[in-house]
Amino acid sequence: IAPFFPINRRTYAADSAPPLLIYDAELELASAAGVRRVAYRDFHVDYKRSVLRTAEIIQSIRLPRGWLDWRHTFYKVGGRRAQAITKVSFAGAARLAQRKIADVRLAFGSVAPYPLRALAMEEGLRGAALDALPELHGEEMFHFKGDWEPGRANIDAAVAVYDAALDALSTFRVEVLT
């Protein structure tokens, strides 16, 4: 149980949440009543609420294969080096073809009451040339469940991490093209 503790606690700030989202993870939940599987994207339903039932534990996490030809990145921003609490985390994976983003997966932790994929950002980047990546700003980057609205600090932190991710893609682009 220890490796899954932040997920079990239903926290939106778990460092593992964004990678689990982008890789289409599936959780195997077990109890005396049996075992069931839940897509990780469906696990969190609201702030510190999940589909985990009483007396259920996360028995395993399953990740599909097929990510070898993708480029991967992870960022975590904390208050200071000595503090492990995450202010914002980001995981990204992109499959490149002919100097374009053929497919992309982006997810954030700690910017909303639950971890989330940045579907609008993904759509904006999919098919874009690496040397002409579109700029996305603020609320247009996210689709939120329900009527929750992000705070300005959440959006600013997410934009900063997104900009760092674009810088990483640019660095990668230079390495690929030389």
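Just checking, which of R71, R99 is in contact with an Asp or Glu (Cβ under 8 Å, 6 or more places away or on another chain), over 17 Å from A17 (Cα atoms) and among the charged types (D, E, K, R)?
Selected residue: R99, the only one of R71, R99 that is in contact with an Asp or Glu (Cβ under 8 Å, 6 or more places away or on another chain), over 17 Å from A17 (Cα atoms) and among the charged types (D, E, K, R).
May I ask you to list the residues in the range 19-33 that are in contact with a helix residue (DSSP H, G or I) (Cβ under 7 Å, 6 or more places away or on another chain) and either touching a residue at least 60 places away in the same chain (Cβ under 8 Å) or in a strand (DSSP E or B) (or both)?
L20, L21, E26, L27
Inside the range 58-73, can you point out the residues that are surrounded by fewer than 16 Cβ atoms within 10 Å (Cβ to Cβ) and outside any strand (DSSP E or B)?
L63, P64, R65, G66, W67, L68, D69
Within the group R105, R95, R36, which residue is without any contact (Cβ under 8 Å) to a residue 12 or more places away in the chain, assigned to a strand (DSSP E or B) and touching a strand residue (DSSP E or B) at 6+ places or on another chain (Cβ under 7 Å)?
R36
Taking the stated definitions as given, is V88 over 24 Å from E28 (Cα atoms) and among the β-branched types (V, I, T)?
In short, yes.
Could you figure out which of (1) open to solvent by less than 20 Å² (accessible area, probe 1.4 Å); (2) modelled with pLDDT of 90 or more isn't true of A14?
The one condition A14 does not meet is (2).
Looking at (1) at pLDDT 65 or above; (2) surrounded by 13 or more Cβ atoms within 10 Å (Cβ to Cβ); (3) out of contact with any Lys or Arg (no Cβ under 9 Å at 6 or more places or on another chain); (4) hydrophobic (A, V, I, L, M, F, W, C), which is the one condition that is false for F90?
Unmet condition: (3).
Table: residues versus (1) farther than 26 Å from M121 by Cβ; (2) charged (D, E, K, R); (3) at pLDDT 90 or above; (4) surrounded by fewer than 16 Cβ atoms within 10 Å (Cβ to Cβ).
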position: I1; (1), (2), (3), (4): yes, no, no, yes
position: I7; (1), (2), (3), (4): no, no, no, no
position: Y23; (1), (2), (3), (4): no, no, yes, no
position: S31; (1), (2), (3), (4): yes, no, yes, yes
position: V38; (1), (2), (3), (4): no, no, yes, no
position: D42; (1), (2), (3), (4): no, yes, yes, yes
position: R49; (1), (2), (3), (4): no, yes, no, yes
position: Y75; (1), (2), (3), (4): no, no, no, no
position: Q83; (1), (2), (3), (4): yes, no, no, yes
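Looking at (1) within 23 Å of A14 (Cα to Cα); (2) surrounded by fewer than 16 Cβ atoms within 10 Å (Cβ to Cβ); (3) polar (S, T, N, Q), which is the one condition that is false for Q98?
(1)
The values are calculated or read from the model by the stated rules, or taken from the named source; none is laboratory data. Everything numeric in this text was worked out from a predicted model, so none of it was measured. Quick reminder, even Gly has a Cβ in these numbers, built from the backbone with ideal geometry, and neighbours come from all protein chains shown. The protein model used for the area step is the full one, side chains on, heavy atoms only, and it has no ligands, DNA or RNA in it. Shrake-Rupley method; radii C 1.70, N 1.55, O 1.52, S 1.80 Å.
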